[in-house]
Amino acid sequence: ADRAIPAAKQKYIPVSGTYPKGFLAGSAFAGVKSSNTKYDDLALVVSEEACPAAAVFTKNIFKAAPVITSKQTFFDSKKNGHGLDRFRGVVVNSGCANAVTGKLGLEHAEAMARTTDQCFGDSSPDAPPHTLVMSTGVIGQRLPIDRITNAIPKLHENLGSSHEHWMAAAQAICTTDTFPKLISRTFTLPSHPDTTYSIAGMTKGAGMIHPNMG
Amino acid sequence: TLLGIVCTDVKVDPESMRSILRHTTSKSFNCISIDGDTSTNDTVNFFANGAAAPAGASPVRYIPRKQMADESTASATEQADFEAFTRVLDNFFVDLAQLVVRDGEGATKFVTIRVRSDEGYVPAKRAAVSIARSALVKTALYGKDANWGRILCAIGYAPGIMGSDTLPVHQFATRDSKSRDSSPVVIPSRTSVSFIPADGSEELKLLVRGEPEQVDEQRAKQILEQEDLEILVRLEDDGAEAPARRRRRSEAVFWTCDFSHEYVTINGDYRT
């Protein structure tokens, strides 16, 4: 489909940004949906050093495989004493939600996390993954997991800290969105007013939106 | 599906990340609706790597409201950092969440629903959610029709709002403490609805304390031509001259968009 951004939405596209230190972002093409032959559909956002993380997830009873897998990663990290400051980042695919896909779907979500971990030398099968997983797209279809895991090393190579890298990641997670949604800004805290901190965020969604996350 | 990834180089206590994220999400991403459908996949991830923090900096720590101003549990510096960081996050998350609403499939309007109640935040939010989910409210907005009746209707059937139908009618108008648990949290004679134009011009009152106003249709048309609109609902309107009641005044803010033909086309044409 044509990905040209409507004129009315151009004003929401940042032309530059100030991104938090030590984070990298990037995208790659996997071809998750057979109708997509050219647009990147994998995104990765990571911290160069493992760090604390948190997540909120849908309360829909039919939680997608990446939701179950990521929740389990947090649970296992805390329960088994691995700590809550060991997270690398998140790998995302668009084009398929990997939802209502049974046991195989869970295996695929874990494969995405573990393959990403391997790119950073984080692989230890006895510990929970260091990478979280998200997916978005059609519900009820299985992932073409080989295409995704084969593309993850390329995704790792494509990481960078520039505005273009962050925009590419924000674009790659889109489905029916008409524009990528990315914001960044800087701020200070009272304890160290001479220190400039940064925050950056991306989001997606244009339909099936009524989040109830906890 | 909504997905969000937020990263910061602030140093945050790992045990506090979950509480901070939950609080911030409750007033941002959990306060939007495009079509009323909660996905199987909605997720927001939040990472804080401390990469910009000076050596020896203390991590920002979540401080529960009850412990704020209690220096035995958190120093003044810790409290100041937590408050400042929370303000940054709250504004940031709201800005991100609003971008999603602005991209609603087929949407032509960005609507802020603000509900004020003196029965607490929960009923205010329930009323706001009900308005945001109403297909009839959203289609009226698309049609630029100042149909406040649909707004009232949506408030009236909101979960937890409907009162007991075993109470005599006259008890709905009083605050009898014995019937408090079963009396409604919305009273028609205390309910007012206005449109607040995005350009800062004068509020258009549609319903004032349960009585419909003579609405200037031209003015309504002017307001509804704009992309942005605020619907203000007061569930605690006793009028300027009434004595102030001692109750918890709360405000829920929710963001949504209209329903257009385009939404139906997009989703009817969608192929699995």
Residues of the stretch B:1-40 being touching a Lys or Arg at 6+ places or on another chain (Cβ under 6 Å), more than 7 Å from chain A (Cβ to nearest Cβ) and over 16 Å from B:Val88 (Cβ atoms), in sequence order, are B:Asp13
Being basic (Lys, Arg) and farther than 25 Å from A:Pro211 by Cβ is the filter here; which residues of the stretch B:35-93 pass it? B:Arg61, B:Lys66
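Would you point out which residue out of B:Ala97, B:Ala74 is at negative phi, at pLDDT 95 or above and among the small types (Gly, Ala, Ser)? Steps first, answer last, please.
Values: B:Ala74 fails: at pLDDT 95 or above.
Within the list B:Ala97, B:Ala74, the selection yields B:Ala97.
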Any residue in the stretch A:151-160 that is in contact (Cβ under 8 Å) with a residue 40 or more places away in the chain and within 21 Å of A:Ala4 (Cβ to Cβ)? no
Could you check the stretch A:52-66 and list, in sequence order, the residues that are among the β-branched types (Val, Ile, Thr) and either at the interface with chain B (Cβ under 7 Å from one of its Cβ atoms) or in contact (Cβ under 8 Å) with a residue 40 or more places away in the chain (or both)? A:Val56, A:Thr58
Please give the number of the condition B:Ile63 fails out of (1) more than 7 Å from chain A (Cβ to nearest Cβ); (2) at pLDDT 95 or above. (2)
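Go over the candidates A:Leu104, A:Leu84, A:Leu132 one by one and state the one that is in contact (Cβ under 8 Å) with a residue 60 or more places away in the chain and of a type outside the set (Asp, Glu).
Values: A:Leu104 fails: in contact (Cβ under 8 Å) with a residue 60 or more places away in the chain; A:Leu84 fails: in contact (Cβ under 8 Å) with a residue 60 or more places away in the chain.
Of A:Leu104, A:Leu84, A:Leu132, the one residue that is in contact (Cβ under 8 Å) with a residue 60 or more places away in the chain and of a type outside the set (Asp, Glu) is A:Leu132.
Are any residues in the stretch A:24-37 more than 14 Å from A:Gly137 (Cβ to Cβ) and touching a Gly at 6+ places or on another chain (Cβ under 9 Å), and if so, which ones?
Of the stretch A:24-37, the ones more than 14 Å from A:Gly137 (Cβ to Cβ) are A:24-29, A:37.
A:Leu24, A:Ala25, A:Gly26, A:Thr37, listed by residue number.
Of B:Asp70, B:Asp118, which residue is more than 26 Å from A:Thr203 (Cβ to Cβ), surrounded by 14 or more Cβ atoms within 10 Å (Cβ to Cβ) and out of contact with any Phe, Trp or Tyr (no Cβ under 6 Å at 6 or more places or on another chain)?
Numbers: B:Asp70 fails: surrounded by 14 or more Cβ atoms within 10 Å (Cβ to Cβ).
Of the residues listed, the single one that is more than 26 Å from A:Thr203 (Cβ to Cβ), surrounded by 14 or more Cβ atoms within 10 Å (Cβ to Cβ) and out of contact with any Phe, Trp or Tyr (no Cβ under 6 Å at 6 or more places or on another chain) is B:Asp118.
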Identify the residue in the stretch A:74-104 that is part of a helix (DSSP H, G or I) and within 11 Å of chain B (Cβ to nearest Cβ) and, among all such residues, is nearest to the chain's Cα centre (by Cα). A:Phe74
Quick one: A:Lys79 ticks every box in (1) of a type in the set (D, E, K, R); (2) modelled with pLDDT under 95; (3) farther than 30 Å from B:Asn30 by Cα except a single one, so which number is it? (3)
Search the stretch A:45-65 for residues being crowded, with 16+ Cβ neighbours inside 10 Å and touching a Ser or Thr at 6+ places or on another chain (Cβ under 7 Å), and hand back the single one that is nearest to A:Ile139 (Cα to Cα). A:Ala64
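For the structure I just gave you, tell me whether B:Phe110 is under 15 Å from the mean Cα position of the chain (by Cα), under 27 Å from A:Arg185 (Cα atoms), more than 10 Å from every other protein chain (Cβ to nearest Cβ) and among the aromatic types (Phe, Trp, Tyr).
Details: under 15 Å from the mean Cα position of the chain (by Cα): yes; under 27 Å from A:Arg185 (Cα atoms): yes; more than 10 Å from every other protein chain (Cβ to nearest Cβ): yes; among the aromatic types (Phe, Trp, Tyr): yes.
Yes: the conditions hold for B:Phe110.
Picking from B:Ala53, B:Ala48, B:Ala107, which residue would you name as being modelled with pLDDT of 95 or more, surrounded by 20 or more Cβ atoms within 10 Å (Cβ to Cβ) and over 30 Å from A:Ala97 (Cβ atoms)? Don't jump to the end; show me each part of the working.
Numbers: B:Ala48 fails: over 30 Å from A:Ala97 (Cβ atoms); B:Ala107 fails: over 30 Å from A:Ala97 (Cβ atoms).
Sole residue among the options that is modelled with pLDDT of 95 or more, surrounded by 20 or more Cβ atoms within 10 Å (Cβ to Cβ) and over 30 Å from A:Ala97 (Cβ atoms): B:Ala53.
The values are calculated or read from the model by the stated rules, or taken from the named source; none is laboratory data. Just so it is clear, the structure is predicted and the values come from calculations on it, not from any experiment. In this analysis, Cβ positions are derived from the backbone assuming ideal geometry, glycine residues included, and neighbour counts consider all displayed protein chains.
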